[in-house]
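One structure is given below, encoded as structure tokens.
The values are calculated or read from the model by the stated rules, or taken from the named source; none is laboratory data. None of these values were measured; they are calculated from a predicted model. As a convention, Cβ positions derive from the backbone with ideal geometry for all residues, glycine included, and neighbour counts pool all protein chains shown. Side chains are part of the model used for accessible areas, which takes the heavy atoms of the whole protein and leaves out ligands, DNA and RNA. Shrake-Rupley method; radii C 1.70, N 1.55, O 1.52, S 1.80 Å.
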Amino acid sequence: MDLSALEIIHYPHPTLRHTSRPIQRVDDELRDIIRHMFPLMYEARGVGLAANQIDLPLRVFITNLEVEPEEGEERVFINPVISQTKGIIEQEEGCLSIPGVNGNVKRPERVKIQAYDLDGQAIDLTVDGLFARVVQHEVDHLHGVLFTDRLSETGKMAVREDIEELESSFRCRRETGSMPSDQEIRARGREMEERYG
Ligand code: ZN
């Protein structure tokens, strides 16, 4: 796999709507791909990135709440499961795959998250604040859910034009041949699912 070819995909790329398959095995290639997600996330100034945002339909996401490579803690969550949610809080969110779009989303304030890290060690954390929001946003991605799906009706209205602009620029990339067809994207995704899922 050519790591330099990996990039963050944008709405309405079909892999963002794909339900990611649990990972059954991790090898050096997959480890390299996951590690390479960090520079992509930093470059885009994000705090979390799910694998399907780089067109990899597997159940893993990464976080670093400090946005900077030299600061904060880099975490990898493989096969994450959220449980024991508590409270509700509304806050503004954005997404590296939906550039230029922001809106308020209601989510549980505190959640428990269980997963595995890159070394196969179990992660079992109860998180709140920004951390809780990020892990819920990223687990949503792995289920093909985008934060814009969770906006209120007025929130959806407010971002409609920006969403339509992303849709038309995607169509444009398709027409000029710089974006593969849905079939080609699925075929490549299935290859990775068969190798690791
Ligand atoms: Zn996102």
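Restricting attention to region 6-26, which residues are surrounded by fewer than 16 Cβ atoms within 10 Å (Cβ to Cβ), among the basic types (Lys, Arg) and within 20 Å of residue 78 (Cβ to Cβ)?
25, the sole residue that qualifies.
Quick check, is residue 48 closer than 24 Å to residue 158 by Cβ and in contact with an Asp or Glu (Cβ under 6 Å, 6 or more places away or on another chain)?
Against the criterion (closer than 24 Å to residue 158 by Cβ and in contact with an Asp or Glu (Cβ under 6 Å, 6 or more places away or on another chain)), residue 48 qualifies.
When you scan region 115-126, do you find a residue that is closer than 28 Å to residue 14 by Cα, under 16 Å from the mean Cα position of the chain (by Cα) and either open to solvent by less than 20 Å² (accessible area, probe 1.4 Å) or of a type in the set (Lys, Arg) (or both), even just one?
For region 115-126, residues closer than 28 Å to residue 14 by Cα, under 16 Å from the mean Cα position of the chain (by Cα) and either open to solvent by less than 20 Å² (accessible area, probe 1.4 Å) or of a type in the set (Lys, Arg) (or both): present.
Of all residues in region 114-141, how many are aliphatic (A, V, I, L, M) and more than 16 Å from the ligand (Cβ to nearest atom)? Before the answer, list the steps.
Going through region 114-141, the residues aliphatic (A, V, I, L, M) turn out to be 115, 118, 122-123, 125, 127, 130, 132, 134-135, 139.
Checking which are more than 16 Å from the ligand (Cβ to nearest atom) leaves us with 115, 118, 122-123, 125, 127.
Summing the residues that are aliphatic (A, V, I, L, M) and more than 16 Å from the ligand (Cβ to nearest atom) in region 114-141 gives 6.
Considering region 139-168 alone, what residues qualify as being among the hydroxyl-bearing types (Ser, Thr, Tyr), open to solvent by 60 Å² or more (accessible area, probe 1.4 Å) and in a helix (DSSP H, G or I)?
Across region 139-168, the qualifying residue is only 154.
So residue 40 fits all but one of (1) within 14 Å of the ligand (Cβ to nearest atom); (2) over 24 Å from residue 185 (Cα atoms); what number is the exception?
(2)
I'm trying to understand the selection: among the residues of region 82-113, which are open to solvent by less than 50 Å² (accessible area, probe 1.4 Å) and within 15 Å of the ligand (Cβ to nearest atom)?
Answer for region 82-113, where residues must be open to solvent by less than 50 Å² (accessible area, probe 1.4 Å) and within 15 Å of the ligand (Cβ to nearest atom): 93, 94, 95, 96, 97, 98, 101, 103, 105, 107.
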